[in-house]
Amino acid sequence: MKKTLILFVLTFVLVSCNQNKDTEYVINGNAEGIENGIKVRLAQIDEKGKQVFRDSAVVMDGKFTIKGAVEEPSLYFLSADGTPGNMLFMLENSNIQIDFNNEIPMESKVTGSESNKSYEDFQNGMLQFREEGTAIMTRFNELGQEPAPETRDSIRKAMEDMRKRQMAYPLSFVQDNSNSYFSLNLIQLESNRPTFDILKYKEAYESFPTHLKESKLGQLVKQKLDELYKAYEKIAHLEVGKIAPNFESQTPDGKTVSLNELKGKATIIDFWAAWCGPCRRENPNVVKIYEQYHDKGLEIIGVSLDGAPNQKDPKKAWLDAIEKDGLKWNQVSSLKYFNDEVAQLYNIDRIPATYILDEEGKIVAKNLRGAALELKIKELLDTP
């Protein structure tokens, strides 16, 4: 009977320990070099990528402890008052040891968090890109003030290639690490970038195991991806390689014309307005391109976004600008400012803006100006 009781007590203790490990975290920190009384702060990254304060502890004799609980592994910041920057790590319910580097917090060491290993793998990958970039710049600096043009171009291309691979790395990491809570956090962070590829990240998310997709963060990520995908669907028809959507609008004399009627071997749809300073400064360049390539098949359709609230007579301002700037190509407008139907169809929220079409009406480039615009038209018309 006594042996049975002892076995029961031991079993209860073991189960209790396991339950604590699953439901609580304990961060034991070494903070050598940090004075007594300094606060160490724990902050979480919210769905918008911003830090939200969660807890703190006071350093005593070079150590600190923070206890609490999280629903699931998540990315957290840890910082100490008076130290530069902060460190990131994956916090989960377990016993976690942090050796805090008060000089370079990002180089702090974390043990005891399984999910943090994935984050460390990602950081090591990013470190390789930084080292590669440093090596390229060191090589460039060793060449002196005036390296040969071909050498300079070679180094520039190497740097551009490295940056492209670095930009693509987060997506590649998510694709290769679909069974990782950190990958969910990474999608959440990357989704706030303007270069976020919704189609590829959405596909990567679908490959995640069910327990991750059904987690709290998994559901938040899905919601964000769904929102971004809906926004993408609204402009998917405007991607490079798509046929530019046809439209109708009115010329200054009230005649209705369409894109399909006016397009040429190469076509520029130029969104501008009389009130737009950058547009007016770009107009001489567009005039030059039109005069040089119109006889070879170039057509330009100017879509004016005049009709701004502060314009007393938007039509007069539009016509005066056409005459003053010497714009001899087709001009259309509804004089409804950014509520112009063509502007809304083409998702225009700022000007100047351009769409460049080939002979089939396919979008081949967007928002080119100056020499870049001329080079694209030259390429499309295959002129010497």
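Qualifying GluC sites (Glu not before Pro) in region 222-286, where qualification requires a DSSP coil assignment and no more than 12 other C-beta atoms within 10 Å, comprise E239.
Each DSSP beta bridge with both residues in region 247-350 is either parallel or antiparallel, and the antiparallel ones are about 25%. What the Cβ-Cβ distance of D197 and E35 gives, at R0 = 41 Å and to the nearest 0.05, is a FRET efficiency of 0.30. Ranked by solvent-accessible area (1.4 Å probe, protein heavy atoms only, all chains present), the residues H211, H237 order from largest to smallest as H211, H237.
The charge dipole of region 301-384, taken about its Cα centre with unit charges on the Cβ of Lys, Arg, Asp and Glu (plus for the first two, minus for the last two), comes to roughly 280 debye.
Principal-axis analysis of the Cα atoms of the chain puts helix 2-23 at an angle of about 20° to the longest axis. Across region 53-191, the volume of the C-alpha convex hull divided among the residues equals 144 Å³ per residue. With 5 Å bins from zero, work out the P(r) of region 212-345 over every alpha carbon pair and list the percent per bin. P(r) over region 212-345, rounded to whole percents: 2, 9, 17, 18, 17, 12, 7, 5, 4, 4, 3, 2, 0. Based on the Kirkwood approach, the hydrodynamic radius assigned to region 168-244 is 12.9 Å, with every pair of different Cα atoms included.
Taking each residue as 0.36 nm, the span from R139 to E24 lengthens on full extension beyond its C-alpha to C-alpha distance by 36.4 nm. Share of Cα-Cα pairs in the chain beyond 33 Å, in percent? So the pairs more than 33 Å apart make up 56 percent of the total in the chain. The Kirkwood radius of region 31-135, taken over pairs of alpha-carbon atoms, gives through the Stokes-Einstein law at 10 °C and 1.306 mPa s a diffusion coefficient of 109 µm² s⁻¹. Counting only Cβ charges, +1 for Lys and Arg and -1 for Asp and Glu, the dipole size of region 118-250 around its Cα centre is about 280 debye. Note on the chain: GNM, Cα springs under 10 Å; of I45, I243, I198, the largest mean-square fluctuation is that of I243.
Take the chain with all the other protein chains still there, run a 1.4 Å probe, and you get 57 Å² of accessible area per residue. For region 285-338, a crude dipole built from +1 on the beta carbon of Lys and Arg and -1 on the beta carbon of Asp and Glu, taken about the Cα centre, is about 140 debye to the nearest 20.
Dipole orientation for the chain: of the candidates G264, L75, Q292, L75 has the Cα lying most toward the positive pole (charges on Cβ; Lys, Arg +1; Asp, Glu -1). For region 298-384, the C-alpha radius of gyration divided by 2.2 N^0.38 Å, with N the number of residues, is 1.20. Relative to the longest principal axis of the Cα atoms of the chain, the long axis of helix 181-190 lies at roughly 30 degrees. Sequence neighbours fewer than 8 away in the same chain don't count; with that in mind, list the aspartates and glutamates whose C-alpha is under 17 Å from K336. Leaving aside aspartates and glutamates fewer than 8 places away in the same chain, those within reach of K336 are E248, D253, D270, D306, D313, D349.
The portion of the accessible surface of region 168-302 made up by carbon and sulfur, rounded to a whole percent, is 48 (1.4 Å probe; DNA, RNA and ligands excluded). Each label was represented as a point 7 Å from its Cα along the Cα-to-Cβ direction; for N179 and V240 these points are 3.8 nm apart.
Of all alpha-carbon pairs in region 41-100, indicate the percentage at a distance above 18 angstrom. For region 41-100, the fraction of Cα-Cα distances above 18 Å is 31 percent. Cross-link partners of K164 among lysines, defined as those whose alpha carbon lies under 22 angstrom from its own and excluding same-chain residues fewer than eight positions apart: K200, K202, K366.
Rounded to the nearest 500, the helix-only mean residue ellipticity at 222 nm of the chain stands at -14500 deg cm²/dmol, with each DSSP H run of n ≥ 4 adding -39,500 (n - 2.57).
Placing a label point 7 Å from the Cα of T256 along the Cα-to-Cβ line, the residues of region 321-341 whose backbone N sits under 15 Å from it are 333-334, 341. Taking 7 Å steps out from each Cα toward its Cβ at E341 and R130 produces label points 5.4 nm apart. Pairs from the list K255/K288; K39/K222; K255/K316; K157/K288; K222/K242 with a Cα-Cα gap above 24 Å: K255/K288; K39/K222; K157/K288; K222/K242. Farthest toward the positive end of the dipole of the chain, out of Y229, M60, L143, is the Cα of M60, where the dipole comes from beta carbon charges about the Cα centre.
Only beta bridges with both residues in the chain are counted; by DSSP, about 70 percent of them are antiparallel.
Rounded to the nearest 10 degrees, the inclination of helix 149-176 to the longest alpha-carbon principal axis of the chain is 60 degrees. For region 71-125, taking Cα atoms only, Rg and Dmax work out to 11.0, 31 Å respectively. Sorting 370-380, 176-186 by their mean Cβ neighbour count within 10 Å, with the most densely packed peptide first, gives 176-186, 370-380.
The values are calculated or read from the model by the stated rules, or taken from the named source; none is laboratory data. Nothing here was measured: the structure is a model prediction, and the numbers come from that model. Using ideal geometry, Cβ is built from the backbone for each residue, glycine included, and neighbour counts are taken over all protein chains shown. Side chains included, ligands, DNA and RNA excluded: accessible areas come from the protein's heavy atoms. Shrake-Rupley method; radii C 1.70, N 1.55, O 1.52, S 1.80 Å.
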